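Below is one structure; the comments refer to it alone.
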Amino acid sequence: MNKLFFLIFPVLLFSCGDKTNEEVEEVVKLETQKDRLSYVLGAMNAKTIVGTQDPNIDKLDLEQIAIGFGDNLNGNKPTDCEATLIKLFGPNFQDFDSTYAKEGAQCLGKLTGYAFYQDMIKMDGLASVDMKMVKIGFRHGLLKKDTLIAETEKQSIIQNFIKDLNVKNGKRMMEKAAKIKGAQVFENGIVMEVISEGKGGSPSAKDDVKVEYILTSAMGDTVQSSYEMKKKPGAPQEAVALKLNGGVIPGWSFIVPKMKKGGKYRVYVPWELAYGEDMGRESLCFVIELIDYAKEGTFVKPKAPEVNPTQGF
């Protein structure tokens, strides 16, 4: 997923002479890659607040948001803050009550800080960041002063950070999966665990299939579920039709032919056989229920060739 920078913030000096109450700027250098990453992560989180279309954000004291964020970069969930934000924005987030502006601004920052910290814990990225630089980057992002690194470099820093975490977490998941009792470990790294063995035949690598599936990340988060998709109003109720020949990730083309109709399996796929670089080197876990299979073109009809009207027939 993405990448990070260098900063300035105002300080008031109180002394005798010409510099009484004079605002000066303290230059903070981002000397290491850790500094730059941390700064960009902070600025990126600030954009989740000031980058919204909610006009009420402009009514809040950004310094109070920054204070709340800095005070809650830890594992302590600010339990009263959700209720405070409802008081500030109204139950439907359409009624702004300035009475709670200061408290609400701090709570907005606290919740953002808590969420960021929890994400770092979950992704095992905490050791990679300097919280002091995260705070500074967050304040700069709020004030829209995070211009010390080009946007393209910011994106590159974040993308590389996410890729590194994905590789690390994916490797951990795959190593753990390989130790599951009774699981099959294939030479290409794919691991398959039988949840319930099917009694039917197996498709070929060129067949169409109908499946139900649950996709989870290496951290165990559910990314997508065909079972849940059916619950949406108007959603199709039949199983998902796919073509194994060019219509799925390489890991599926390899592993689904090793399943039996009617069976359910848990499959762990290394990132090289999943979505590769396009999805930030994420290794994935699937629960796959093989409902049916048939010859190519049976469930997934081939697309009609496009006609160029300038060429005639």
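Structure above, values below:
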read-out	value
Loop trypsin sites (Lys or Arg not before Pro), segment 161-194, which have at most 11 other Cβ atoms in a 10 Å radius of their Cβ (DSSP)	Lys179, Lys181
Footprinting exposure proxy for Leu111, Leu244 (fewest neighbouring C-beta atoms within 10 Å first)	Leu111, Leu244
Point-to-point label distance, Ser204-Asp58, nm (Cα→Cβ direction, 7 Å offset)	6.5 nm
Estimated FRET transfer efficiency (Glu272, Ser196; beta-carbon r; R0 45 Å; 0.05)	0.95
Hull-based mean projected area of segment 7-165, where the convex hull spans the alpha carbons, in square nanometres	11.2 nm²
Contour excess over end-to-end distance, with Cα ends at Ala127 and Asp71 and 0.36 nm allotted per residue	18.3 nm
Cα-centred dipole magnitude for the chain, charges only on beta-carbon of K, R (+1) and D, E (-1), debye, nearest 20	1380 debye
The chain: DSSP helices with Cα axial extent of at least 18 Å and average Kyte-Doolittle hydropathy no lower than -0.5	33-50, 101-122
The chain: radius of gyration and largest Cα-Cα distance (Dmax), Å	25.8, 90
Across Lys34/Lys145; Lys206/Lys301; Lys59/Lys135, pairs whose alpha-carbon gap is larger than 24 Å	none
Segment 58-158: trypsin sites (Lys or Arg not before Pro) in DSSP loop, at most 15 other beta carbons within 10 Å	Lys144, Lys145
Gain upon complete extension [Val248, Asp119; 0.36 nm per residue less C-alpha separation]	43.5 nm
Added length on full extension, which subtracts the Cα-Cα distance from 0.36 nm per residue, Met279 to Val240	11.9 nm
P(r) weight above 18 Å for segment 178-294, C-alpha pairs, percent	51 percent
Placed amide H near Asp292: partners under 5 Å, 5+ positions off or other chain	Lys210
10 Å Cβ shell holding at most 15 others, DSSP loop, GluC sites (Glu not before Pro): longest site-free stretch of the chain	32-186
Cβ-based charge dipole, the chain, positive-most Cα from Gly90, Ser128, Phe186	Phe186
FRET E, pair Lys176, Lys145, Förster distance 51 Å, beta-carbon r, rounded to 0.05	0.70
Estimated [θ] at 222 nm from DSSP helical runs (n ≥ 4, -39500 (n - 2.57)) normalised by residues in the chain, nearest 500	-11000 deg cm²/dmol
Translational diffusion of segment 157-233, µm² s⁻¹ [Kirkwood Rh, Cα pairs; Stokes-Einstein; 37 °C; 0.692 mPa s]	211 µm²/s
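Each value in this text was obtained by applying a stated rule to the coordinates, not by laboratory testing. Quantities reported herein were computed from a predicted structural model and do not represent experimental measurements. FYI the Cβ positions are ideal-geometry reconstructions off the backbone, even for glycines, and counts take in every protein chain you see.
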